[in-house]
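My structure is below; once you've seen it, I'll send some questions.
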Amino acid sequence: MFLQALWATVYISIVAQVLGIILGLIAALMRMSSFRPLRFLSGAYVLVFRGTPVLVQIMFIWLIIPGRSVGFGAFTLKQEVFAGILALGVNEGAYMREIIRAGIDSIDKGQMEAGKSLGMRYGAIMRRIVLPQAARVIVPPLGNEFNNMMKTSSLVYIIGVYELFSDAEQVFSSSGNVAPFIAVAFWYLVLTSIWSIVQAVIERRLAVSEHGDELSLRERAVAVWTEGGGVARLGDWPFGAGGRWRGRS
Amino acid sequence: MMSGPEGLVLRATEVHKHFGRLHILKGVSLDVRPRETVCIIGTSGSGKTTFLRCINHLEKIDGGSIEVNGHPIGYRMKNGRLVEDSERNIARQRTEIGFVFQRFNLFPHKTALQNVVEAPIQVRGLSKQEATNDAEKLLARVGLADKKDTYPGKLSGGQQQRVAIARALAMKPALMLFDEPTSALDPEVTGEVLDVMEELAHEGTTMIVVTHEMGFAKRAADRVVMMDEGVIIEEGSPEHFFESPTHERTKAFLSKIL
């Protein structure tokens, strides 16, 4: 049962984050459109979903989605799981829009012009030239977002989703013992720590084309723990994430 | 497709361009024939860079017309009115026109070779093998065969600009535009870029070069064009230009810069 709860937290977080990235990207591109209604829609989306509590959004979406389960071809999701993922993802998209837009904005306009002058079209320039470069700027805060997502996903316990926190909560309400909450805190810490290592690897991959030297997985893991642990260090990219291997050339 | 006047690569007619209330181009007309090298000179703010950017529609024009190989750039006739062309058509027209930027604008996340093969593969649909063969030849031509796997960040300014020239040439454009290609370079490396351009000119590449390098204009240009305050005030052979300019503003400009 417990492993099931752990797995639920992991996949709810991942799917919701992916949904958030997709929605954020769409909203960011809409925000930069020359077509006014699209810009307006993008602005309204961010206003609403950043301006209201995620807990309210979870409740609201849970209440408006009918039925007991939602099917996607071969597999089905319980209604509350689907509602939870949708709410977390849509909420996340509003934050991701700003992160992705900042990433795209950080790329010199000359890159778009160079692509155009070669006869490339907008979509191709975005996909092949701008976004791969923007990824370096987007990934570090995205890592933070996912770290938050794993913890925020605990809120879906309120609509009856079985995951890490609700597992602890169930044990607590049947026994009155607070130990499950300590255990659950530990497991969240395990998840976020693993994620920190994964993120360091991803960030290094992105940096590798500009900086030559390799670093072993063990060194990376050590750096994650010795240079700020799982959460705070991510903000100071590109010099963070174990700045000692990311010297700018 | 409209067919252009016999043999002209570029026909610009009465081109007007405003930036807000600033009237930058006030009726610029210029014809360029195949294999011709035209240098555009003039003070900064005279509109020469803007004119160049209009030719491949990086800037929209407000009046007049620009045709490359007989195809109007950026606009087409619809019910007797000129309307802006679709993004797809504009992109297709740009494949005819190579552009070299003052600040190179290489793709920093791609190696020199990847920079050069990008558009031939993505836009022309060449196979990776074909594109790579072409690109290696082009990089050799600009003297950078040994740098093909180097990222732009590890190249000098002069080397970056030469990669940028190879990248533009890879699309086999009918017309090459150079926007002050050496202005962002250290003086000691301008020579290597100008040499490559001079070679292109002598090989018969059709090109328009906005430049302050009068030595290059003298050696490589078939024709020199002087722009001032949004119009062409004088044009002629380099001999005419540097030995007996007629316009007062040209004389003043040349005496300052030479």
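Which condition number does residue B:82 fail, the rest of (1) of a type in the set (A, V, I, L, M); (2) touching a Phe, Trp or Tyr at 6+ places or on another chain (Cβ under 6 Å); (3) open to solvent by less than 50 Å² (accessible area, probe 1.4 Å) being met?
In the conditions (1) of a type in the set (A, V, I, L, M); (2) touching a Phe, Trp or Tyr at 6+ places or on another chain (Cβ under 6 Å); (3) open to solvent by less than 50 Å² (accessible area, probe 1.4 Å), residue B:82 misses (3) alone.
Of all residues in the stretch A:123-134 being of a type in the set (Gly, Ala, Ser) and farther than 16 Å from residue A:98 by Cα, which is nearest to the other protein chains (Cβ to nearest Cβ)?
My answer is A:124.
Just need a number here: residues in the stretch B:209-223 that are assigned to a strand (DSSP E or B) and either in contact with a His (Cβ under 9 Å, 6 or more places away or on another chain) or within 18 Å of residue B:43 (Cβ to Cβ) (or both). Quick ask: steps written out before the conclusion?
Kept after step one, since they are assigned to a strand (DSSP E or B), are these residues of the stretch B:209-223: B:209-210, B:223.
Those left that are additionally either in contact with a His (Cβ under 9 Å, 6 or more places away or on another chain) or within 18 Å of residue B:43 (Cβ to Cβ) (or both): B:209-210.
Matching residues across the stretch B:209-223 total 2.
Starting from residues that are within 13 Å of another protein chain (Cβ to nearest Cβ) and β-branched (Val, Ile, Thr), keep the ones in the stretch B:80-97 and report whichever is nearest to the chain's Cα centre (by Cα).
The selected residue is B:97.
Tell me, yes or no, whether the stretch B:133-150 has at least one residue that is within 29 Å of residue B:216 (Cβ to Cβ), of a type outside the set (Phe, Trp, Tyr), open to solvent by 10 Å² or more (accessible area, probe 1.4 Å) and within 12 Å of another protein chain (Cβ to nearest Cβ). Spell out the reasoning first.
Taking the stretch B:133-150 as the starting set, the residues that turn out to be within 29 Å of residue B:216 (Cβ to Cβ) are B:134-148, B:150.
Filter once more, so that each one left must be of a type outside the set (Phe, Trp, Tyr): B:134-148, B:150.
So of that shortlist, the ones also open to solvent by 10 Å² or more (accessible area, probe 1.4 Å) come out as B:134, B:136-138, B:140-141, B:143, B:145-148, B:150.
Now drop any that are not within 12 Å of another protein chain (Cβ to nearest Cβ), which leaves B:150.
Within the stretch B:133-150, one or more residues are within 29 Å of residue B:216 (Cβ to Cβ), of a type outside the set (Phe, Trp, Tyr), open to solvent by 10 Å² or more (accessible area, probe 1.4 Å) and within 12 Å of another protein chain (Cβ to nearest Cβ).
Looking at (1) surrounded by fewer than 19 Cβ atoms within 10 Å (Cβ to Cβ); (2) at positive phi, which one does residue A:179 not meet, given that it meets all the others?
(2)
Can you find, within the stretch B:224-258, the residue that is most open to solvent (accessible area, probe 1.4 Å) among those that are of a type in the set (A, V, I, L, M) and outside any helix (DSSP H, G or I)?
B:258
Do we find that residue B:98 is within 26 Å of residue B:73 (Cβ to Cβ) and open to solvent by less than 20 Å² (accessible area, probe 1.4 Å) in this structure? Before the answer, list the steps.
Values: within 26 Å of residue B:73 (Cβ to Cβ): yes; open to solvent by less than 20 Å² (accessible area, probe 1.4 Å): yes.
It is true that residue B:98 is within 26 Å of residue B:73 (Cβ to Cβ) and open to solvent by less than 20 Å² (accessible area, probe 1.4 Å).
While we're on this one: Can you pull out the helices (runs of 4 or more DSSP H) entirely within the stretch A:105-207 that have at least 3 residues that are small (Gly, Ala, Ser) and modelled with pLDDT of 95 or more?
Hits in the stretch A:105-207: A:109-117.
Can you say whether residue A:120 is surrounded by fewer than 18 Cβ atoms within 10 Å (Cβ to Cβ), of a type in the set (A, V, I, L, M) and either touching a residue at least 24 places away in the same chain (Cβ under 8 Å) or within 14 Å of chain B (Cβ to nearest Cβ) (or both), as far as the supplied structure shows?
Details: surrounded by fewer than 18 Cβ atoms within 10 Å (Cβ to Cβ): no; of a type in the set (A, V, I, L, M): yes; either touching a residue at least 24 places away in the same chain (Cβ under 8 Å) or within 14 Å of chain B (Cβ to nearest Cβ) (or both): yes.
Criteria not met by residue A:120.
Within the stretch B:168-189, which residues are modelled with pLDDT of 95 or more, assigned to a helix (DSSP H, G or I) and open to solvent by 10 Å² or more (accessible area, probe 1.4 Å)?
B:169 - this is the single residue of the stretch B:168-189 that is modelled with pLDDT of 95 or more, assigned to a helix (DSSP H, G or I) and open to solvent by 10 Å² or more (accessible area, probe 1.4 Å).
Are there any pairs with C-beta distances below 7 angstrom linking a residue in the stretch B:65-87 that is in a loop (DSSP other than H, G, I, E, B) to a residue that is open to solvent by 70 Å² or more (accessible area, probe 1.4 Å) and not aromatic (Phe, Trp, Tyr), with the two at least 6 apart or on different chains, and if so which?
Between residues of the stretch B:65-87 that are in a loop (DSSP other than H, G, I, E, B) and residues that are open to solvent by 70 Å² or more (accessible area, probe 1.4 Å) and not aromatic (Phe, Trp, Tyr), the close pairs are B:70/B:2; B:70/B:3; B:74/B:60; B:74/B:84; B:85/B:76.
Whether any residue in the stretch A:77-97 is touching a helix residue (DSSP H, G or I) at 6+ places or on another chain (Cβ under 7 Å) and closer than 23 Å to residue A:128 by Cβ is what I want to check.
Taking every residue of the stretch A:77-97 in turn, at least one turns out to be touching a helix residue (DSSP H, G or I) at 6+ places or on another chain (Cβ under 7 Å) and closer than 23 Å to residue A:128 by Cβ.
Another question, then. Go through A:169, A:203 for me and flag whichever is surrounded by fewer than 18 Cβ atoms within 10 Å (Cβ to Cβ) and touching a residue at least 12 places away in the same chain (Cβ under 8 Å).
A:169
Right, next: Going through the stretch A:135-162 one residue at a time, which ones are crowded, with 19+ Cβ neighbours inside 10 Å and facing chain B (nearest Cβ under 10 Å)?
If the condition is that a residue be crowded, with 19+ Cβ neighbours inside 10 Å and facing chain B (nearest Cβ under 10 Å), then A:136 is the only one that fits.
Identify all residues within the stretch B:48-74 that are away from every other protein chain (no Cβ under 14 Å), closer than 25 Å to residue B:212 by Cα and open to solvent by 10 Å² or more (accessible area, probe 1.4 Å); write none if there are none.
The answer is B:61, and nothing else.
Residue under question is residue B:114, and the condition is that it be surrounded by 15 or more Cβ atoms within 10 Å (Cβ to Cβ), at pLDDT 95 or above, within 8 Å of chain A (Cβ to nearest Cβ) and within 25 Å of residue A:206 (Cβ to Cβ); does it hold?
Spelling it out, it is not the case that residue B:114 is surrounded by 15 or more Cβ atoms within 10 Å (Cβ to Cβ), at pLDDT 95 or above, within 8 Å of chain A (Cβ to nearest Cβ) and within 25 Å of residue A:206 (Cβ to Cβ).
The values are calculated or read from the model by the stated rules, or taken from the named source; none is laboratory data. Here the structure is a predicted model, which is why all the values come from computation and not from measurement. Counting neighbours? That spans all protein chains shown, and the Cβs are built from the backbone with ideal geometry, glycine included. What goes into the accessible areas is simple: the full protein's heavy atoms, side chains included, and nothing from ligands, DNA or RNA. Shrake-Rupley method; radii C 1.70, N 1.55, O 1.52, S 1.80 Å.
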